[in-house]
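**Student:** Below is a structure I'd like to ask you about.
Throughout, read-outs are computed from the coordinates displayed, never taken from laboratory work. Because the structure is predicted, anything quoted here is derived from the model rather than measured. Neighbour counts run over all protein chains shown; Cβ positions are idealised from the backbone, glycine included.
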């Protein structure tokens with residue numbers, strides 16, 4: 001369990017701080033609701049453009065643990081925000097998840113070259129977003145336990161999923 005680092009708070013679960021950066025008010029609200037209802041110990045703040053994000057992140061007395069960053073915004077786009085944050089020693093290690101309608105390989109490449117940790121194209125599935133956020137928090141801060149191994153989906157038709165130990169026997173039976 002990740003715990004708070006303040007004196008006297010050693011037994012309290014750690015709360016994470018996320019910043020949602022998007023020029024669409026409804027999208028910021030939706031991301032906030034998703035995160036707050038996720039069951040993860042996460043507090044969410046919002047800003048409506050990249051310039052505000054850079055200023056808030058550089059002046060905030062408490063560090064943020066995650067940034068959900070739109071790309072197409074007025075004043076300063078998400079690529080520029082990401083680049084600036086990676087150049088600042090105070091913000092360079094904050095995980096960034098870009099959420100954008102740009103889904104071409106060149107856009108994703110540009111995002112990763114700017115320094116994003118993950119990239120998710122809009123529209124996306126809420127479950128996938130939350131799984132990515134949880135994984136970033138696990139990998140970066142040791143939050144929670146790794147998820148159970150994925151369940152093998154059933155194969156098409158009536159065949160059950162193959163048990164690796166039985167696969168050679170089944171192959172022999174089908175040949176014979």
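**Student:** For the subset of the range 8-26 comprising residues that are surrounded by 14 or more Cβ atoms within 10 Å (Cβ to Cβ) and in contact with a strand residue (DSSP E or B) (Cβ under 8 Å, 6 or more places away or on another chain), which member is farthest from residue 127 (Cα to Cα)?
**Tutor:** 14
**Student:** Of the residues that sit in the range 57-88 and are touching a strand residue (DSSP E or B) at 6+ places or on another chain (Cβ under 8 Å) and farther than 18 Å from residue 98 by Cα, which one is surrounded by the most Cβ atoms within 10 Å (Cβ to Cβ)?
**Tutor:** My answer is 63.
**Student:** Here is a follow-up. Just to be sure I understand, how many residues within the range 32-43 are in a loop (DSSP other than H, G, I, E, B) and at negative phi?
**Tutor:** The total comes to 4.
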